[in-house]
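Rule-based calculations on the coordinates, nothing more; no lab input. Remember, predicted model here, so these are calculated numbers, not experimental data. Neighbour counts run over all protein chains shown; Cβ positions are idealised from the backbone, glycine included.
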2 protein chains.
Amino acid sequence: MDSFSVPEVVVLRLPLYVRALSQLRDGGTDVVSSQQLGSLLQMTPAQIRKDLSYFGRFGKQGRGYNVRFLLHELREILGLDREWRACLIGVGRLGHAIINYPGFSPEGFKIVAAFDGDSDQVGTSIGGFKVRPMEDLAEVVNEMKISIGIVAVPASQAQEVIEKLIENKVKGILNYAPVAPQVPMNTVIRNIDPVLSLQSMTFYLR
Amino acid sequence: MDSFSVPEVVVLRLPLYVRALSQLRDGGTDVVSSQQLGSLLQMTPAQIRKDLSYFGRFGKQGRGYNVRFLLHELREILGLDREWRACLIGVGRLGHAIINYPGFSPEGFKIVAAFDGDSDQVGTSIGGFKVRPMEDLAEVVNEMKISIGIVAVPASQAQEVIEKLIENKVKGILNYAPVAPQVPMNTVIRNIDPVLSLQSMTFYLR
DNA sequence: TAATGTGAAAACCTTCACAGCT
DNA sequence: AGCTGTGAAGGTTTTCACATTA
């Protein structure tokens, strides 16, 4: 059951299951049915069972899923059973918010370096480390084994920065700039763009 | 051609077209083909033409689409031809970043009020207006004709806050809290959750 | 009994391919 | 000649429904 046979939509949903299961575990629930998980996540039990079936058989008939076991399996499937190191590019207002966001680290995503193309920013301290010039990217990415780049530069510079990351073998990009970046197929990009979200929302509010 | 017959995936893509067309217009391009637009957005020309066909016939055969005209039509379809007023709930670090984010306003989304459940925050000033207590929500939403709520409270309080917004007839919610909120069907919710994005990314980076 | 896992069916979405218009 | 708009085909995703198992 390799990565390629699993629909991407399914992969996008796995983190939802991980989060719901974490909550259930923290709430002391030992066993959960696809029915219960479904009502928690507002989706059908059939979809949850089908999604999980791409990866194996994790439940017990007549009973449901052991919360801790399923959580562990899903975390492993997603590669969340290790630490992922990321660098931040762009330390403006948005960059500051990202580096101070307390949600990444407990989930195993550590921002370990920050860069900025603006020489005024370089050398200043942010979130515990010094902002470095873009010229240091190759060296730092390599030495610190950084596999994810978080892009928080203005739209006009985003494509260029993303290309630089890719040149340096960064395969995962979390892009906050309001652009549609061009990336090679072996790169995984996720865009965070609240304006796009609002703009599709208003269609239904009209 | 009413809202219900249009696939949701199509609606989610319209803002991408709007953004690309805005850029083309700003760059002085008058006419664009589905081919060109597709290569800009990394999608097939057929998909773009099909998407647009749900709403009308905007192009000229043999020629392409008039950039300004199509842009205008799409903005109208999405309801972007007017101003949308939003309130922010939660003025912690994340809330501050949101209120200071310069990307909303030029697109017609105005944050016109801020609330917080924490009495220490209430009365402080942020982004030009005073933070109000949650008790004022009903009154303010009504008086200021707020139709969108932006939720930036901790996960533990998100569901409660969202319910309060819905009680007050706020039909659109942009949720930054890492939860899967339960909302009635006539409410439109969009979740911004960078951790989920990263967690599905790592599946492909393993 | 109660819930999983899964083929098959149904629904949905994308791409093809070409008639038709400019 | 060139590109749109669109039925039809093809592909993907979701849901159904039930055999199976604890």
**Fill in**
Per the rotation taking chain B to chain A, min distance Cβ-to-axis on chain B (residue, whole Å) equals B:Ala97, 2
**Message:** Only bridges whose two residues both fall in chain B count here: according to DSSP, what percent of them are antiparallel, nearest 5?
**Reply:** 20
**Message:** Distances in nm, one decimal, shortest first, from B:Leu205 to the same residue in every other copy, taking the label point 7 angstrom along Cα→Cβ.
**Reply:** 3.3
**Message:** Quick query: amide H of B:Ile150 versus all other amide H atoms, modeled in the peptide plane; which residues come in under 5 Å with a sequence gap of 5 or more or a different chain?
**Reply:** B:Cys87, B:Leu88, B:Ile89, B:Leu174
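Please work out the FRET efficiency for the pair A:Asp118 and B:Asp120, using the Cβ-Cβ distance as r and a Förster radius of 30 Å; give the result to the nearest 0.05. Don't skip to the end; give the middle numbers.
Details: r = 35 Å, r/R0 = 1.15.
That gives a FRET efficiency of 0.30.
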**Residue list for segment B:1-39, given a label point 7 angstrom along the Cα-to-Cβ vector of B:Ala46 and an amide N cut-off under 20 Å** = B:7-11, B:13-14, B:33-39
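Summarise the partner chain shielding of B:96-105 as one whole number: the mean count of Cβ atoms from other chains within 10 Å of each residue's Cβ. Please report the intermediate quantities before stating the final value.
Values: counts 4, 8, 2, 0, 4, 5, 3, 9, 3, 0.
Mean partner shielding for this stretch: 4.
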**Message:** How big is the dipole moment of chain B about its Cα centre under a simple scheme where the beta carbon of each Lys and Arg is +1, that of each Asp and Glu is -1, and everything else is neutral? Debye, nearest 20, please.
**Reply:** 960
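Under the √(5λ) rule applied to the eigenvalues of the Cα gyration tensor, what semi-axes describe the equivalent ellipsoid of segment B:1-138? Give them in Å, descending. Show your work: numbers first, answer last.
Working: eigenvalues 305, 50, 30 Å².
Semi-axes from the Cα gyration tensor: 39, 16, 12 Å.
Restricting things to Cα coordinates, could you compute the convex hull volume per residue of the protein assembly as shown in Å³? The partial results should precede the final answer.
On the way: hull volume 66.8 nm³, N = 412.
Dividing the Cα hull volume of the protein assembly as shown by its residue count gives 162 Å³.
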**Request:** Select from segment A:147-187 those trypsin sites (Lys or Arg not before Pro) which occupy a DSSP coil region and have at most 12 other Cβ atoms within 10 Å, ordered by residue number.
**Result:** A:Lys169
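Report the GluC sites (Glu not before Pro) located in segment B:1-103 that are in a DSSP loop and have at most 12 other Cβ atoms inside 10 Å of their Cβ, or state none. Present the calculation step by step, with values, prior to reporting the outcome.
Values: sites: B:Glu8, B:Glu73, B:Glu76, B:Glu83; in loops: B:Glu83.
Qualifying residues, ordered by number: B:Glu83.
How shielded is A:189-196 by partner chains, expressed as the average number of their Cβ atoms within 10 Å of its Cβ atoms?
Values: counts 2, 7, 2, 4, 5, 10, 11, 9.
Shielding by partners across A:189-196 averages 6.
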**For segment A:146-167 and segment B:56-127, distance of Cα centres in Å** = 25
**Item:** Spin-label model distance (nm) - A:Glu135 vs B:Ser5, 7 Å beyond Cα toward Cβ
**Value:** 6.2
**Request:** Can you list the distances in nanometres, one decimal and ascending, from the A:Glu167 label point to the identical position in each other copy, with the point 7 Å along Cα to Cβ?
**Result:** 5.6
**Complete:** So the compactness index of segment B:50-206, its C-alpha Rg divided by 2.2 N^0.38 Å, takes the value 1.24
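Relative contact order for segment B:84-197: what is it in percent, counting Cα pairs under 8 Å that are at least 6 residues apart? Walk me through the intermediate numbers first.
On the way: 199 pairs, mean separation 27.6, N = 114.
Rounded, it is 24 percent for segment B:84-197.
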**Prompt:** In whole percent, what relative contact order does chain B give with Cα contacts below 8 Å and a gap of six or more residues?
**Reply:** 14
